Amino acid sequence: MIEDFKKNLQKIKNELDERIKAIRGHRLSLTFLENLRVEIYNQDFPLKSLGFLSQLDHLTFRFDPYDQNSLAEIEKSLSQRKQNFNLIREKNGLIIKFPPLTEELKKEILKSLVSLKEEVRIKARLLRDDFLKELKQQKEAKKISEDSFYKTRENLDKAVQDFNEEVEKIFNQKEKEILG
């Protein structure tokens, strides 16, 4: 039972990791752009499925489409996004250049990080509450012993504490990256 709980906590952490990667820091990684959704031919695709991405420096990327006929439509879709980058069209590809972060933008990003952290902790608390409710029902129905109830609850508290420490570590690393 506790293993299912830990698996669900891991799912929440994996979701957090994906969302954290999408938040722009001081140094950008390819992950930031790879999953950017682009609409071409009336369908949404992640940018990585439409071409080859490479990083030229910490704020500049190059995109070479697999299909040269789709370059204009990809460029149009990217330019319509509310992302803060400049597109430069080259003969066979695009240069995507991000400006350095301003202090104001850093503060906004940090605010969104704090709200994301709280959202993740709330999900974990709700998961814990549901698990505790089920555990208490099993104890009251005499399906588990008193000792088993308290040992499982102790394991539950430890798992939640470990989860919260991991979340805090992830956020502190991202905060350093943004402020760096």
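Summing Cβ point charges (Lys, Arg +1; Asp, Glu -1) relative to the Cα centre of the stretch 30-97 gives a dipole of roughly 200 debye.
Where in the stretch 135-157 does the amide nitrogen come within less than 12 Å of the point 7 Å from the Cα of residue 8, taken along Cα to Cβ? Only 135 fall inside the zone, counting backbone N under 12 Å. Extent of the chain along its three principal axes (Cα atoms, max minus min coordinate, largest first): 72, 37, 22 Å. May I ask you to derive the FRET efficiency for residue 67 and residue 147 from their Cβ-Cβ distance with R0 = 45 Å, giving the value to the nearest 0.05? Efficiency, from the Cβ-Cβ distance: 0.10. Applying a DSSP loop filter and a limit of 13 other Cβ atoms within 10 Å to the chymotrypsin sites (Phe, Trp or Tyr not before Pro) in the stretch 17-117 leaves 41, 66.
Normalised by residue count, the stretch 30-97 yields a Cα convex hull volume of 77 Å³ per residue.
For the stretch 99-137, the residues whose amide N sits under 16 Å from a probe point set 7 Å from the Cα of residue 179 along the beta carbon direction are 102-115. Which of the trypsin sites (Lys or Arg not before Pro) across the stretch 1-95 are loop residues per DSSP, with 11 or fewer other Cβ within 10 Å? Filter output for the stretch 1-95: 82, 91. In a simple Cβ point-charge model (Lys, Arg +1; Asp, Glu -1; nothing else charged), the chain has a dipole of about 200 debye relative to its Cα centre.
Throughout, read-outs are computed from the coordinates displayed, never taken from laboratory work. Keep in mind that this is a model prediction, so the values were computed, not measured. Positions of Cβ are backbone-derived with ideal geometry, glycine not excepted, and every protein chain shown enters the neighbour counts.
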